[in-house]
Amino acid sequence: MRNEQKKEVGAMMSEYKLMLYPAEPDLVVDLNTLKKHLNHLKLLGMELTSSLGNNHYAVGESFLSYFTFMGCSPDIELDPQPDKPFCYIALHSTSATQFVSGANLKKSRCTSCKNELKNVSTTLLCPHCDNPLELDKINWRKSAFTAKTWITIGNIYELEAIPNDELLDSLKKLTGVQWKPAYIRHMKLLET
Ligand SMILES: [Zn+2]
């Protein structure tokens, strides 16, 4: 079984990520169930060992068929490399719901006072009205989300690749919840 091999890779990983998350922030998806599902889709390749932790995989043989790539010749590295960034897939699950954002977090508006929110990746309260930010109700325009379980596709620049309906529908069928994409650079986690 190809997937049972492990490949040691360098620590050099791109800070640009495409993430897929369920629209229900408290939903927990068992990672073994998710892994089996993505294996079945041939989205996952061999497991990688890296300093980043468990549940990291090379991309599988059908990876390219689940995304629409923008631009005529996407310059993405699909094979694991020891010394340069490449595409990989990682599965995450946390016990507390996380607000996942990054250096590219877009401006938005507080749902209570409607004031503009800037650089709010480290606070749970609105800096204008002090009300709790409704993190899952604010439109972050694909630059942040709240979730307990999510999928990372590493080394994808913002809007470079868009997940297609076949992939998103299959995740919805598996979990009963719609899944959405976000593009994150230099990820920050904030426990909610
Ligand atoms: Zn406010």
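Among the numbered conditions (1) in contact with a strand residue (DSSP E or B) (Cβ under 9 Å, 6 or more places away or on another chain); (2) at pLDDT 95 or above; (3) not polar (S, T, N, Q), the only one that GLU166 does not meet is (1). Counting the residues of the stretch 103-113 that are in contact with a Lys or Arg (Cβ under 6 Å, 6 or more places away or on another chain) and within 11 Å of the ligand (Cβ to nearest atom) gives 1.
The lone criterion from (1) within 11 Å of the ligand (Cβ to nearest atom); (2) in contact (Cβ under 8 Å) with a residue 12 or more places away in the chain; (3) over 18 Å from PRO25 (Cβ atoms); (4) of a type in the set (D, E, K, R) left unmet by GLU116 is number (2).
Within the stretch 121-135, restricting attention to residues that are near the ligand (Cβ under 10 Å from one of its atoms) and assigned to a loop (DSSP other than H, G, I, E, B), the residue that is surrounded by the most Cβ atoms within 10 Å (Cβ to Cβ) is LEU133. Hey, any hits in the stretch 175-189 for a residue that's more than 16 Å from the ligand (Cβ to nearest atom), surrounded by 16 or more Cβ atoms within 10 Å (Cβ to Cβ), more than 17 Å from the chain's Cα centre (by Cα) and part of a helix (DSSP H, G or I)? No, because not a single residue in the stretch 175-189 is more than 16 Å from the ligand (Cβ to nearest atom), surrounded by 16 or more Cβ atoms within 10 Å (Cβ to Cβ), more than 17 Å from the chain's Cα centre (by Cα) and part of a helix (DSSP H, G or I). What residue, among those in the stretch 149-174 that are among the small types (Gly, Ala, Ser) and part of a strand (DSSP E or B), is surrounded by the fewest Cβ atoms within 10 Å (Cβ to Cβ)? Selected residue: GLY154. Summed over the stretch 55-72, residues that are in a strand (DSSP E or B) and exposed (fewer than 15 other Cβ atoms within 10 Å of the Cβ) total 2.
The values are calculated or read from the model by the stated rules, or taken from the named source; none is laboratory data. No experiment lies behind these values; they were computed from the predicted model shown. Because the Cβ atoms are built from the backbone with ideal geometry, glycine has one as well, and the counts that use them run over all protein chains shown.
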